[in-house]
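Colleague: The structure follows.
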Amino acid sequence: MIAENPKDYVPQFFNETSNSYDRIVHWTTFGKDSLWKNKILEQLSNENTVLDLACGTGILTKQIAQKIPQAEIVGVDITKTYLEKAKKKLNSYPNISFVYSDAEKLNLGRKFDCITASYLPKYCDPTILIKICLEHLNDGGKIILHDFTYPKNRFIRKMWDLYFKVLHFTGFFIPSWNSVFVDLPHLIRASNWVHEYQKTMKTNGLKTNLQELTWGSSAILTGTKVL
Ligand SMILES: C[S@@+](CC[C@H](N)C(=O)[O-])C[C@H]1O[C@@H](n2cnc3c(N)ncnc32)[C@H](O)[C@@H]1O
């Protein structure tokens, strides 16, 4: 199914996949997911408050809590099954709390030193998401967005396309992931999230920094609300 709005993929991809997500994201990215999340963590140091949008099963949320144990962290997600996993997994961390919400409709009535979002940007409207982020961000704070990108290099693109064909085949053996492996490459190819979010960040006066990772298959875009 090719969805008109990227957000339409969210229930299709996530309603039935929470039990195996942590293993699948590790193996399908050949462990690069950990490397990319480490790059996000490198940008954190002494924040007191962090908002982790689309926290999913809490992989990044937990790593943030381990890197800055003094920080109060709030994880937000739109998929109940993923959020339940995160709550269960991280119930021994008193400084982490969770909110069930669409990130594009979030209204916590408070601000954070940093906002992270791994694998969220391509599903959202940049104008809406950045507006919500700015409403929840302290002066001097950072928005760190991470997601997949379609490589620019022609040879890498061919390898990338081939890899998703292999994943498509693998999907026959993991039925809950089948439609993700089929539709995710279409979504990534069609997404121009880096350019769109960077433009929106700049329009809103944020200072931006872009890190392209692993042969252009993923990127981290950071926007800082300068004092
Ligand atoms: C691929 S998972 C990533 C989870 C986590 N950030 C990680 O890196 O492991 C994507 C998550 O985005 C969530 N999501 C997608 N659109 C969302 C939205 N508009 N608001 C909140 N969460 C959303 C999904 O429910 C899912 O848990």
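The values are calculated or read from the model by the stated rules, or taken from the named source; none is laboratory data. The structure presented is a predicted model; accordingly, all values stated were derived computationally and were not measured. When we count neighbours, we look across all protein chains shown, and the Cβ atoms used for this are built from the backbone with ideal geometry, even at glycine. We work out accessible area using only protein heavy atoms, side chains counted, and drop any ligands, DNA or RNA first. Shrake-Rupley method; radii C 1.70, N 1.55, O 1.52, S 1.80 Å.
Colleague: Report the residue count in the stretch 1-34 for those that are part of a helix (DSSP H, G or I) and either open to solvent by less than 80 Å² (accessible area, probe 1.4 Å) or of a type outside the set (A, V, I, L, M, F, W, C) (or both).
Modeller: Total satisfying the criteria: 19.
Colleague: Considering only the stretch 4-34, how many residues are of a type outside the set (Gly, Ala, Ser) and within 17 Å of ILE78 (Cα to Cα)?
Modeller: 15
Colleague: Just one of (1) in contact (Cβ under 8 Å) with a residue 24 or more places away in the chain; (2) under 20 Å from LEU167 (Cβ atoms); (3) hydroxyl-bearing (Ser, Thr, Tyr) trips up SER34, so point out which.
Modeller: Against the list (1) in contact (Cβ under 8 Å) with a residue 24 or more places away in the chain; (2) under 20 Å from LEU167 (Cβ atoms); (3) hydroxyl-bearing (Ser, Thr, Tyr), SER34 comes up short only on (1).
Colleague: Just to check your reading of the model, which residue among THR200, THR222 is open to solvent by less than 40 Å² (accessible area, probe 1.4 Å), in a helix (DSSP H, G or I) and within 19 Å of PRO121 (Cα to Cα)?
Modeller: That would be THR200, the only listed residue that is open to solvent by less than 40 Å² (accessible area, probe 1.4 Å), in a helix (DSSP H, G or I) and within 19 Å of PRO121 (Cα to Cα).
Colleague: Scan (1) within 11 Å of the ligand (Cβ to nearest atom); (2) touching a Phe, Trp or Tyr at 6+ places or on another chain (Cβ under 6 Å) for the single condition GLY58 breaks and write down its number.
Modeller: With respect to (1) within 11 Å of the ligand (Cβ to nearest atom); (2) touching a Phe, Trp or Tyr at 6+ places or on another chain (Cβ under 6 Å), GLY58 is out only on (2).
Colleague: Additional query: Count, please, the residues in the stretch 63-117 that happen to be touching a helix residue (DSSP H, G or I) at 6+ places or on another chain (Cβ under 8 Å) and on the phi > 0 side of the Ramachandran plot.
Modeller: 0
Colleague: Still on this model: Inside the stretch 140-154, can you point out the residues that are open to solvent by 10 Å² or more (accessible area, probe 1.4 Å), outside any loop (DSSP other than H, G, I, E, B) and of a type in the set (D, E, K, R)?
Modeller: LYS142, ARG154
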